[in-house]
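Everything on this sheet refers to the single structure shown next.
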Amino acid sequence: MMGPMKIRGLHPFRSKRASTAVVRDGSGVTREASKGIEGSVVRLVDDLIESACVARASDIHLDPRPGGVVVRLRIDGSLQESQILPLSVHAEIISRIKVLSGLRTDEHQAAQDGRFRAVSGAGPSLNVRVSIIPTYHGENVVMRLLSDQAEEFTLEKLGFTPDNSAKILKAARKPYGMILATGPTGSGKTTTLYTLVKMLNQPDVSIITIEDPIEYSLEGVNQIQVNDRTGLTFGNGLRSVLRQDPNIVMVGEIRDKETAGIAVNTALTGHLILSTLHTNNASTTLPRLLDMKIEPYLIASTVSIAIGQRLVRRICKQCKKTRPLSELERRSLSEIIPSELLFEHGTFYVGAGCVTCNGTGYRGRAGIHEVLEIDTTIRDAILSKASAGEIQSRAIKNGMMPMIVDGFCKAAQGVTTIEEVLRMRYE
């Protein structure tokens, strides 16, 4: 069980909507001068965060509706309704969260972003990222819960096959080049990069990261937070970082052609660059860089590997059971899975639902991946400005395992369900 949750606000000021005084003591923990409903709301917000931690939630959604404030938790990537709070406490909850996050309590018609820390008596402390936007029924809040310390992941624990791990480690050992993790939002790209940074972090290596936001604290790594208000963008930050004599630079995301151009030139000048791109799979990464006005010869010279990934839900180990593949499912899969692989596996698994997984049949998540190694064949395709489909075809001929096939293999191993693999979009 977790201990009492202590919340650390960012600024010592008084809410204009509530009479709760927020005062930071010497330890940095806020003391509350609360009474009546304000004290109840303080405890309510603390309890919401603590219960979300116990449920292993990554996000808390507070959605105002005509019948009340719906509390939803994102657990293993899926939103689940937790409870409904009375509308009478909505304004006070919003005010409390704004006070903790250092946001304006008298502003109700504009989007606001902030953060605060929550420290549990047992377990890791949390950074809570807050997003508040005005909606038709009132202000909506989403709180993302981020542990102060990254988990001790390895490539194997993230779900990479031995062959894919070897490709990534080969690229990571080079003193220069680019390693790009690609996929939609919430596909685990940042976790992959953090895992690589922790593996590469040695006393004789200088590593600098530019992130928005900094999700985990990494000991021995200089981490820079992007701040658009002060002009510290990914592009400007990357220019400044080069004067800090780094060996390895992690750029949280390549969002525009300016950042892409600087990152490519940094890789050309003897630095190892780790970054992410929002593309559907590894093969579309290369045409995406072309769209950002990067010359084909620069892409071919700098990109070492592109990692495409998704997160699928793990089957709950407590209620896992086997199930055969139906003939209809087999015919459907035959269009996307190699026939020899399909007929090799006839038994799959499913979670029946139990107390441990709250009846969902799933508990935790695992990654499915494809790793595109930029070899001579792929370089020729880049130089000829080949389409993503052509690059994908060449990569598969060279031995790349597509994400859908990696997912199928994990379903056959009992890591996830075949339904979960087919639920993902890969193109």
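For this structure, a couple of remarks:
- If the condition is being of a type in the set (Val, Ile, Thr) and either within 22 Å of the chain's Cα centre (by Cα) or buried (at least 19 other Cβ atoms within 10 Å of the Cβ) (or both), then the stretch 45-85 contributes Val45, Ile49, Val54, Ile60, Val69, Val71, Ile75.
- Subset of the stretch 38-70 (residues that are small (Gly, Ala, Ser) and closer than 16 Å to Arg115 by Cα): Ser58
- Of the residues making up the stretch 388-418, just one is surrounded by fewer than 14 Cβ atoms within 10 Å (Cβ to Cβ) and closer than 23 Å to Ser78 by Cα, namely Gln413.
- Between Thr360, Thr302, the distinction of being modelled with pLDDT under 95, of a type outside the set (A, V, I, L, M) and more than 22 Å from Phe160 (Cβ to Cβ) belongs to Thr360 only.
- Criterion (more than 22 Å from Phe234 (Cα to Cα), part of a strand (DSSP E or B) and touching a helix residue (DSSP H, G or I) at 6+ places or on another chain (Cβ under 9 Å)) met by exactly one of Glu139, Glu152: Glu139
- Hey, Ala57 among the aliphatic types (A, V, I, L, M) and without any contact (Cβ under 8 Å) to a residue 40 or more places away in the chain or not: no
- When the stretch 306-340 is filtered for residues that are among the aliphatic types (A, V, I, L, M) and part of a strand (DSSP E or B), the ones remaining, listed by number, are Ala306, Ile307, Leu311, Val312, Ile315.
- Filtering the stretch 37-71 to residues that are at pLDDT 90 or above and hydroxyl-bearing (Ser, Thr, Tyr) leaves Ser51, Ser58.
- Yes/no for His137 being surrounded by fewer than 16 Cβ atoms within 10 Å (Cβ to Cβ) and touching a Pro at 6+ places or on another chain (Cβ under 6 Å): yes
- All strands (runs of 3 or more DSSP E) inside the stretch 218-305 with 1 or more residues being farther than 14 Å from Leu180 by Cα, out of contact with any helix residue (DSSP H, G or I) (no Cβ under 6 Å at 6 or more places or on another chain) and open to solvent by 10 Å² or more (accessible area, probe 1.4 Å): 222-225
- Of the listed requirements (1) free of Cβ contacts under 8 Å to residues at least 60 places away in the same chain; (2) open to solvent by less than 10 Å² (accessible area, probe 1.4 Å); (3) within 26 Å of Ile254 (Cβ to Cβ), Ile132 misses just one: (3).
- Filter result for Glu329 (open to solvent by 30 Å² or more (accessible area, probe 1.4 Å), within 22 Å of Ile391 (Cα to Cα), charged (D, E, K, R) and more than 27 Å from the chain's Cα centre (by Cα)): no
- Taking each residue of the stretch 164-193 that is open to solvent by 10 Å² or more (accessible area, probe 1.4 Å) and looking for partners that are polar (S, T, N, Q) with beta-carbon atoms closer than 6 Å, six or more apart or interchain, yields Gly188/Gln309; Lys189/Thr276.
Results for (1) open to solvent by 30 Å² or more (accessible area, probe 1.4 Å); (2) of a type outside the set (A, V, I, L, M, F, W, C); (3) assigned to a helix (DSSP H, G or I), shown as yes or no for each residue.
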residue	(1), (2), (3)
Leu342	no, no, yes
Phe348	no, no, no
Cys357	no, no, no
Thr360	yes, yes, no
Ile368	no, no, no
Leu372	no, no, no
Arg379	yes, yes, yes
Ile382	no, no, yes
Ala386	no, no, no
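- Residue within the stretch 193-207 that is farther than 17 Å from Leu274 by Cα and either in a loop (DSSP other than H, G, I, E, B) or basic (Lys, Arg) (or both) present: yes
The values are calculated or read from the model by the stated rules, or taken from the named source; none is laboratory data. On a predicted model such as this, the values are computed, not experimentally measured, just so you know. Reconstructed Cβ throughout: ideal geometry from the backbone, glycine too, with neighbour counts over all protein chains shown. With ligands, DNA and RNA removed, areas are computed over all heavy atoms of the protein, side chains included. Shrake-Rupley method; radii C 1.70, N 1.55, O 1.52, S 1.80 Å.
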